[in-house]
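J.: Below you will find the structure I want to go over with you.
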Amino acid sequence: QVQLVESGGGLVQAGGSLRLSCAASGITFSIYTMDWYRQAPGKQRDLVATITRGGSTNYADSVKGRFTISRDNTKNMVYLQMNSLRPEDTAVYYCSARVGSNIYWGQGTQVTVSS
(Lines give C-alpha, C1' and ligand atoms only; values in the text may rest on other atoms or scores of the structure.)
Protein backbone atom coordinates (compact mmCIF):
# COMPACT_ATOMS: atom_id res chain seq x y z
CA GLN A 1 0.00 0.00 0.00
CA VAL A 2 1.40 3.35 -1.07
CA GLN A 3 1.44 6.09 1.54
CA LEU A 4 2.69 9.64 1.42
CA VAL A 5 2.46 11.46 4.74
CA GLU A 6 3.21 15.16 4.97
CA SER A 7 4.16 16.94 8.16
CA GLY A 8 5.67 20.21 9.33
CA GLY A 9 2.92 22.64 8.48
CA GLY A 10 1.66 25.24 10.89
CA LEU A 11 1.15 28.92 11.60
CA VAL A 12 4.07 31.27 11.05
CA GLN A 13 4.52 35.01 10.77
CA ALA A 14 5.48 36.62 7.50
CA GLY A 15 9.21 36.41 7.00
CA GLY A 16 9.45 33.18 8.95
CA SER A 17 10.42 29.69 7.89
CA LEU A 18 8.96 26.21 7.89
CA ARG A 19 10.28 22.86 6.77
CA LEU A 20 7.78 20.42 5.34
CA SER A 21 8.52 16.71 5.25
CA CYS A 22 6.93 13.92 3.27
CA ALA A 23 7.48 10.29 4.22
CA ALA A 24 6.89 7.75 1.48
CA SER A 25 6.24 4.05 1.84
CA GLY A 26 5.09 1.27 -0.44
CA ILE A 27 7.05 2.52 -3.44
CA THR A 28 10.59 2.22 -4.76
CA PHE A 29 11.20 5.78 -3.71
CA SER A 30 14.46 6.38 -5.54
CA ILE A 31 12.92 6.01 -9.00
CA TYR A 32 10.10 8.48 -8.41
CA THR A 33 10.02 12.15 -9.25
CA MET A 34 8.72 13.99 -6.22
CA ASP A 35 6.67 17.16 -6.32
CA TRP A 36 5.27 19.64 -3.84
CA TYR A 37 1.97 21.27 -4.74
CA ARG A 38 -0.17 23.76 -2.90
CA GLN A 39 -3.81 24.71 -2.97
CA ALA A 40 -5.23 27.87 -1.47
CA PRO A 41 -8.95 28.13 -0.68
CA GLY A 42 -11.00 28.57 -3.84
CA LYS A 43 -7.97 28.14 -6.08
CA GLN A 44 -6.53 25.36 -8.18
CA ARG A 45 -3.73 23.13 -7.01
CA ASP A 46 -0.43 24.54 -8.26
CA LEU A 47 2.97 22.95 -8.64
CA VAL A 48 5.51 24.50 -6.29
CA ALA A 49 8.67 22.44 -6.66
CA THR A 50 9.97 19.27 -8.28
CA ILE A 51 12.94 17.02 -7.66
CA THR A 52 13.73 14.23 -10.09
CA ARG A 53 15.20 10.84 -9.32
CA GLY A 54 18.55 12.27 -10.35
CA GLY A 55 18.24 15.24 -8.02
CA SER A 56 17.43 17.94 -10.56
CA THR A 57 15.12 20.60 -9.19
CA ASN A 58 12.63 23.06 -10.56
CA TYR A 59 10.54 25.75 -8.89
CA ALA A 60 7.54 27.91 -9.55
CA ASP A 61 8.57 31.49 -10.19
CA SER A 62 6.68 32.61 -7.10
CA VAL A 63 8.93 30.60 -4.76
CA LYS A 64 12.31 30.72 -6.50
CA GLY A 65 15.03 31.83 -4.15
CA ARG A 66 12.84 31.24 -1.09
CA PHE A 67 11.96 27.52 -1.18
CA THR A 68 14.29 24.55 -1.51
CA ILE A 69 13.23 21.00 -2.30
CA SER A 70 15.45 18.08 -1.33
CA ARG A 71 15.22 14.35 -0.95
CA ASP A 72 16.86 11.59 1.08
CA ASN A 73 16.58 8.29 -0.74
CA THR A 74 17.98 6.42 2.25
CA LYS A 75 15.01 7.54 4.35
CA ASN A 76 12.35 7.72 1.61
CA MET A 77 11.81 11.36 2.46
CA VAL A 78 11.30 14.56 0.54
CA TYR A 79 11.51 18.00 2.11
CA LEU A 80 10.48 21.53 1.32
CA GLN A 81 12.41 24.23 3.15
CA MET A 82 10.38 27.43 3.00
CA ASN A 83 12.02 30.72 3.93
CA SER A 84 10.87 34.32 3.78
CA LEU A 85 7.28 33.17 3.91
CA ARG A 86 4.55 35.51 2.73
CA PRO A 87 0.82 35.57 3.44
CA GLU A 88 0.22 34.48 -0.15
CA ASP A 89 2.06 31.24 0.61
CA THR A 90 -0.87 30.23 2.79
CA ALA A 91 -2.28 26.96 1.43
CA VAL A 92 -2.55 23.25 1.95
CA TYR A 93 0.70 21.71 0.75
CA TYR A 94 0.71 18.27 -0.84
CA CYS A 95 3.53 16.01 -1.86
CA SER A 96 3.19 13.67 -4.80
CA ALA A 97 5.22 10.84 -6.22
CA ARG A 98 5.14 10.07 -9.91
CA VAL A 99 6.77 7.72 -12.38
CA GLY A 100 5.37 6.97 -15.81
CA SER A 101 1.58 7.10 -15.58
CA ASN A 102 1.55 6.40 -11.85
CA ILE A 103 1.01 9.26 -9.44
CA TYR A 104 0.33 9.17 -5.73
CA TRP A 105 -0.71 11.94 -3.37
CA GLY A 106 -0.44 12.67 0.30
CA GLN A 107 -3.24 14.06 2.42
CA GLY A 108 -1.73 17.53 2.72
CA THR A 109 -0.49 19.78 5.49
CA GLN A 110 -1.78 23.28 6.21
CA VAL A 111 0.59 26.23 6.08
CA THR A 112 -0.74 29.55 7.29
CA VAL A 113 1.35 32.71 7.09
CA SER A 114 0.10 35.68 9.07
CA SER A 115 0.89 39.26 8.12
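The values are calculated or read from the model by the stated rules, or taken from the named source; none is laboratory data. Please read these numbers as outputs of a predicted model, since none were measured by experiment. Note: ideal-geometry Cβ built from the backbone for every residue, glycine included; neighbour counts use all protein chains shown. Areas reflect the complete protein model, heavy atoms only, side chains present, ligands, DNA and RNA absent. Shrake-Rupley method; radii C 1.70, N 1.55, O 1.52, S 1.80 Å.
J.: Using the Karplus equation 6.51 cos²θ - 1.76 cosθ + 1.60 (θ = phi - 60°), what ³J(HN,Hα) coupling, rounded to whole Hz, does each residue of region 74-85 give in order, writing x for Gly and Pro?
T.: Ordered by residue, 3J(HN,Hα) equals 6, 10, 6, 10, 10, 10, 9, 8, 10, 10, 6, 5 Hz.
J.: In whole percent, what relative contact order does region 52-115 give with Cα contacts below 8 Å and a gap of six or more residues?
T.: 24 percent
J.: Now, a different point. Using θ = phi - 60° and the Karplus curve 6.51 cos²θ - 1.76 cosθ + 1.60, what whole-Hz ³J(HN,Hα) does each residue of region 36-48 get, with Gly and Pro shown as x?
T.: 3J(HN,Hα) across region 36-48, in whole Hz: 10, 10, 9, 9, 8, x, x, 10, 6, 7, 10, 6, 9.
J.: What Rg and what Dmax come out for region 1-51 when only alpha-carbon atoms are used, in angstroms?
T.: Rg, Dmax (Cα atoms, Å): 13.2, 38.
J.: May I ask you to derive the relative contact order of the chain, considering only C-alpha pairs under 8 Å and at least 6 residues apart, and to give it as an integer percent?
T.: Values: 278 pairs, mean separation 41.3, N = 115.
Contact order relative to length: 36 percent.
J.: Return the distance in nm (one decimal) between the two label points of a simple spin-label model at SER17 and TRP105, each offset 7 Å from Cα along Cα→Cβ.
T.: Distance between the two pseudo-spin positions: 3.0 nm.
J.: Taking 2.2 N^0.38 Å as the expected size of a compact globular protein, what ratio does the Cα radius of gyration of the chain give against it, to two decimals?
T.: Cα Rg divided by the expected 2.2 N^0.38 Å: 1.00.
J.: In region 17-115, what percent of the accessible surface is made up of carbon and sulfur (1.4 Å probe, ligands and nucleic acids excluded)? Intermediate results must be reported in sequence, preceding the final value.
T.: Working: 2210 of 4930 Å².
Taking all protein chains in place, region 17-115 shows 45 percent carbon and sulfur surface.
J.: What is the distance in Å between the Cα centres of region 18-61 and region 67-115?
T.: Region 18-61 and region 67-115 have Cα centres separated by 5 Å.
J.: How large is the Kirkwood hydrodynamic radius of region 47-96, in angstrom, based on all distinct alpha carbon pairs?
T.: One over the average 1/r among Cα pairs gives 11.7 Å for region 47-96.
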